[in-house]
1. Over segment 66-107, give the accessible area per residue in Å² for a 1.4 Å probe, as an integer.
2. How high is the relative contact order of segment 31-180, given as a whole-number percent (alpha carbon pairs under 8 Å, six or more residues apart)?
3. Return the label of the correct value of P(r) over Cα pairs in 10 Å bins from 0, in percent, as calculated from the structure shown, out of (i) 9, 38, 39, 13, 1; (ii) 9, 31, 29, 20, 10, 1, 0; (iii) 10, 37, 31, 16, 5, 1.
4. So with the 1.4 Å probe, I'd like the accessible area per residue for segment 8-61, rounded to whole Å².
5. Within 10 Å of each candidate Cβ there may be at most 11 other Cβ atoms; applying that plus a DSSP loop requirement, which GluC sites (Glu not before Pro) in segment 89-178 survive?
6. Kindly identify segment 55-102 as rounded, prolate or oblate by the Cα gyration tensor criterion: order the square roots of the eigenvalues as a ≥ b ≥ c, call it rounded if a/c is under 1.5, otherwise compare a/b with b/c, prolate if a/b is larger, else oblate.
7. Please give the residues of segment 30-74, grouped as numeric ranges, whose backbone N is less than 19 Å from a label point set 7 Å along the Cα-to-Cβ vector of Asn96.
8. Per residue, how much accessible area does segment 125-180 show when a 1.4 Å probe rolls over the protein heavy atoms, in square angstrom?
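The values are calculated or read from the model by the stated rules, or taken from the named source; none is laboratory data. Just so it is clear, the model here is predicted, and its values are computed rather than measured. Reconstructed Cβ throughout: ideal geometry from the backbone, glycine too, with neighbour counts over all protein chains shown. To get the accessible areas, we keep the full protein, side chains included, count just its heavy atoms, and leave off ligands, DNA and RNA. Shrake-Rupley method; radii C 1.70, N 1.55, O 1.52, S 1.80 Å.
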Amino acid sequence: MVSIGGLLPPIGLEIPCSGYAVNVPLKIDATGMVELDFKGGIRVRIEANLNSGLGGVKMRIIGEEYSADHPTLGRVTLSQADIDTTPLSLLEVLSNMPPTFRSTLFHDFTLTIEKFPGTGESMVLSNTKTMTTLNSNLTVFPPQGAVYQLQQPVDFAPVGDPANAVVQLMALPMTMSHNP
């Protein structure tokens, strides 16, 4: 492993970041496509060194929530699910000169829609597969104004009924900035 002069965060460090994503397409079976503007934040803890390639670290998401307001859906919230099986996220060194990193975040969420179409009642959904967001061109970590992209659309189903997906998150261009 090539040292990169202390540019990687130390084991145990907790890093808070704010996040926002605008014009997020959410496909709801009952009504079709809506666009939402999410804002919120994430906190990661550095868990272990990554000893492959040029090195890096493994990170655990220890808190994450984003919300958006919509005129007919009410408050729509993405919250970190209480799942211990979510894989550790990765921060990998791609280049030393200049420093370049790839950050891969793995998320398990609950999606709460305050006024679900057709019922008008609150509905809690969960993603049917762990979702991945990625930025492959970071020059600093923690990120400052870096956009993470959803790697593929993610289905959401009622909690306890994963075969009955009723919502699909089509994209999530999340701009992340360290906020100490």
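1. About 48 Å² of surface per residue is accessible.
2. 16
3. The calculated read-out lines up with (iii).
4. Spelled out: the 1.4 Å probe surface of segment 8-61, per residue, equals 49 Å².
5. Glu121
6. Oblate, since a/c reaches 1.5 and b/c is not below a/b.
7. Hits in segment 30-74 for Asn96 at 19 Å: 49-57.
8. Value returned for segment 125-180: 47 Å² of accessible area per residue.
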